[in-house]
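Below is one structure, written out as structure tokens, with a few remarks after it.
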Amino acid sequence: MSPRRVPAGSDATGRRDRPLRITVDGEPADGIAGQSLAGVLLAAGRLAWRRGPSGAARGVFCGIGVCFDCLVTVNAERDVRACRRRAQDGDEVTTQSRHTDRNPPPTADGTPGTEER
Amino acid sequence: MTTRVPRHVAVVGAGPAGLAAADAALGAGARVTLIDSAEQPGGQYHRMLPDAYDAAHPERLQHGWHAFDRRRRRVLAHPHCTWLPETTVWALERPAPEETGPPRLHLLRGPADGAGRTRHTLDPDALLLAVGAHDRVLPFPGWELPGVFTAGAAQALAKGERVVVGDHVTVAGSGPFLLPVAAALLEAGSRVSAVLEANPPSTVARGWSRRPWELAAQAGKTGELAIYTSALLRHRVPYRTGRTVIEARGDGRVEEVVSARLRPDWSVVPGSEHTTAADALCVTHGFSPQLELPLAAGCALRTTAAGPFVDTDDDQRTSRPEVYAAGEITGIAGAPAARAEGAVAGWIAGGGDPAAPAVRRLRRSRDQGRAFAERLARAHPIGAAWPGWLRPETVICRCEETDYASLCRAACDPAGASPRVAKLATRAGLGPCQARVCGPTVAELHTRLSGDPADGLPVAGPHRRPIAQPIRLGELAAPPEPLPHHAPRTPPKKESSS
Ligand SMILES: Cc1cc2nc3c(=O)[nH]c(=O)nc-3n(C[C@H](O)[C@H](O)[C@H](O)COP(=O)(O)OP(=O)(O)OC[C@H]3O[C@@H](n4cnc5c(N)ncnc54)[C@H](O)[C@@H]3O)c2cc1C
Ligand code: FES
């Protein structure tokens with residue numbers, strides 16, 4: 001189906017979860033303290049949250065901060081790598097599209113890019 | 001320079017190599033600043049669960065946990081060690097030509113990509129780089145679909161935060177790393193449909209069985225691989241050689257993967273395609289060293305069949321004075337070899353006696369690690385015919401969505417024959433990742449398409465960029481702040497201020 005967290009009850013590591021909640025484009029997503037934003041998003045059933053230049057969906061690819069596919073806006077800070085940033089309870093995540101990333105390339109017809117959901 | 005003032009060694013990266021280096025440098029009597037952008041030491045191999053998980057049995061996910069745990073505690077608690085977690089080295093400033101010593105480090109401390117990070121500088125007596133590697137993934141149709149992950153991403157999520165990337169996972173590519181990734185997914189409750197090693201049994205066997213006596217020295221590593229293999233057997237996961245995924249398909253996400261049989265040169269055997277349902281695909285074709293910092297320091301590289309790596313001498317010195325390198329940036333040989341290299345580098349950088357018996361033993365085990373790296377490269381090469389599975393519309397540069405057809409056009413156009421011009425024309429490699437992902441592929445394809453051996457552009461061109469890690473303009477404008485425990489420095493050199 002989609003990515004998920006190993007249930008705490010059956011996790012061999014014997015972890016103890018402390019829940020946290022973030023919002024993604026205004027919608028709540030539940031995670032646990034210690035997770036990366038990417039981990040929270042994935043385990044909340046979101047496989048993709050960013051859009052490439054063509055509008056194609058992107059999520060996590062490298063998982064370790066190399067590919068920049070997973071960029072999000074966190075509490076109004078743009079271009080945060082979701083796989084590297086620890087989630088904090090109450091984080092407000094806004095999804096981004098490549099058009100509005102840093103150094104936006106001119107679009108084919110010269111019009112400025114628009115934020116897409 | 002021969003006073004008894006302890007040397008100050010800055011170690012960048014707290015993976016197996018960096019942690020061993022810090023340990024050895026402290027043992028040699030040096031003062032150590034250990035820096036990692038992660039919150040915890042361990043690097044990729046010993047990726048730890050977050051403290052907030054409060055795990056009773058972290059050791060259950062880790063091979064060699066106890067030795068790692070002992071070393072981690074010893075290093076971090078050492079009175080002469082300053083541990084700087086969540087600290088990124090974003091630039092290295094080379095000394096003026098008339099000055100000696102290593103470059104000045106520029107650091108950012110605080111949450112990843114956060115606007116409120118603090119800036120610092122550091123002027124150590126020696127700089128030890130142990131920044132590791134990342135997965136190399138060759139492009140194929142559909143690799144940009146959500147649900148296609150690098151094998152390392154799947155591993156990092158499973159090991160580091162107990163998230164599995166899917167329930168029906170195919171693991172494909174080449175190299176022994178496919179095995180721990182599949183085992184980690186199985187441990188976390190995923191179903192792994194198959195592990196596909198692109199190289200045929202003949203290549204794999206030839207690489208692994210050459211000079212078998214060398215393998216004995218790597219018993220730890222081979223024993224570890226045997227454990228993963230038995231996990232695959234237990235879960236009845238097929239391990240197929242000479243087969244790979246040549247396409248991922250789906251509507252906005254991966255839904256199925258197409259695999260095909262490969263000849264030894266990785267050309268696709270027509271008619272051998274097979275389609276399997278999958279909600280996740282994990283791919284790796286090897287590792288690329290993170291060369292940004294070594295290149296920023298001015299370190300010379302050596303070119304191998306597996307690509308460029310930092311060149312070091314017998315004591316892990318690079319071509320730059322007082323700059324040392326250890327771990328995967330000098331060759332892909334796995335964690336035990338990274339540890340041995342780190343220990344040699346740390347001991348020497350810390351001012352230890354190069355003739356000490358212990359360091360001679362370490363050099364030997366380092367050399368065995370290097371032999372192991374060569375064996376790996378021979379058993380799991382990338383076949384020259386891999387571009388055969390590309391289509392005109394296949395995305396090559398993920399950031400800019402440059403497709404194969406535009407690269408071909410740019411390479412064949414006499415006006416755009418230089419890779420630099422082609423890069424500007426196609427925008428390949430100019431996106432946010434700054435060619436970290438597509439760089440080697442674009443360079444390789446361009447060379448082949450234009451028949452022009454890279455036009456004087458160094459192979460490592462994609463790594464030559466001034467800023468090793470992103471920094472915000474506000475942070476750049478802020479003056480550096482003093483680091484804790486780094487107040488007055490020993491000999492006369494500027495410290496932590498501008
Ligand atoms: C995602 C991933 C997962 C892996 N998992 C396994 C595994 O499970 N088993 C296995 O056998 N091998 C694994 N490997 C292979 C791994 O490269 C080696 O096993 C081993 O970890 C290499 O050790 P190292 O010390 O050279 O580098 P690493 O372990 O990669 O350590 C490098 C460290 O440097 C830090 N760093 C990098 N750049 C900077 C900077 N600019 N500023 C500050 N810090 C920096 C990183 O945060 C990292 O902690 C994995 C590789 C990757 C990429
Ligand atoms: S997934 Fe690659 S940078 Fe986050």
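The values are calculated or read from the model by the stated rules, or taken from the named source; none is laboratory data. The structure displayed is predicted, hence computed values, not measured ones. Don't worry about glycine lacking a Cβ; one is built from the backbone with ideal geometry, like all the others, and counts go over all protein chains shown. Please note that ligands, DNA and RNA were not included when accessible areas were found on the heavy atoms of the full protein model with its side chains. Shrake-Rupley method; radii C 1.70, N 1.55, O 1.52, S 1.80 Å.
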For the range B:174-305: accessible area per residue (Å², 1.4 Å) = 42 Å²
From the P(r) of the range B:246-382, can you give the percent of Cα pairs sitting at distances over 22 Å?
-> 52 percent
Computed helical MRE - 222 nm, chain B, DSSP H runs ≥ 4 contributing -39500 (n - 2.57), nearest 500 | -9500 deg cm²/dmol
Karplus-derived 3J(HN,Hα), 6.51/-1.76/1.60, for each residue of the range B:269-283, Hz, glycine and proline x | 7, x, x, 9, 5, 9, 9, 10, 5, 7, 9, 7, 10, 10, 10
Longest to shortest principal axis, alpha-carbon extents of chain B, angstrom = 71, 56, 44
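Quick one: length gained pulling B:Cys412 to B:Asp54 fully straight, 0.36 nm per residue minus the C-alpha distance?
Numbers: separation 358, 0.36 × 358 = 128.88 nm, distance 5.73 nm.
Result for the pair: 123.1 nm of gain on full extension.
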Where the eigenvalues come from the Cα gyration tensor of the protein assembly as shown, what are the semi-axes √(5λ) of the equivalent ellipsoid, largest first, in whole Å?
-> 35, 28, 27
Rg to Rh for the range B:71-146: what is it, with Cα atoms only and Rh by Kirkwood?
-> 1.11
What are the ³J(HN,Hα) values, in whole Hz, obtained from phi via the Karplus relation 6.51 cos²θ - 1.76 cosθ + 1.60 with θ = phi - 60°, for each residue of the range B:333-349 in sequence order, with x given for Gly and Pro?
-> 10, x, 5, x, 5, 4, 5, 4, 4, x, 5, 4, 4, x, 4, 5, 4
Dipole check, the protein assembly as shown, charges on Cβ (K,R +1; D,E -1), about Cα centroid: among B:Ala349, B:Leu178, B:Ala130 the Cα furthest to the positive pole belongs to B:Ala349
What accessible area, summed over both chains, is buried at the B-A interface (1.4 Å probe, Å², nearest 100)?
-> 4600 Å²
PRE zone check, label point 7 Å out along Cα-to-Cβ of B:Ser209, amide N under 16 Å, scope the range B:365-383, hits B:379-380
Modelled FRET efficiency - R0 51 Å, B:Ala305 with A:Ala12, Cβ distances, 0.05 increments | 0.85
Which angle between 0 and 90 degrees, to the nearest 10, do you get for helix B:16-27 versus the longest principal axis of chain B when only C-alpha atoms count?
-> 20 degrees
Relative intensity, log₁₀ I(q)/I(0), of the range B:126-285 from a Debye sum that treats every alpha carbon as a point, q = 0.12, 0.14, 0.16, 0.19 Å⁻¹ | -0.53, -0.72, -0.92, -1.24
Hydrodynamic radius by Kirkwood, which averages 1/r over all alpha carbon pairs of the range B:90-197, in angstrom = 17.4 Å
Solvent-accessible area, 1.4 Å probe, carbon plus sulfur percent, for chain B | 57 percent
Run the dipole for the protein assembly as shown about the Cα centre, Lys and Arg Cβ at +1, Asp and Glu Cβ at -1, nothing else charged, and hand back the magnitude in debye, nearest 20.
-> 1480 debye
Under a point-charge model restricted to the Cβ atoms of Lys and Arg (+1) and Asp and Glu (-1), what is the dipole moment magnitude of the range B:309-415 relative to its Cα centre, in debye to the nearest 20?
-> 540 debye
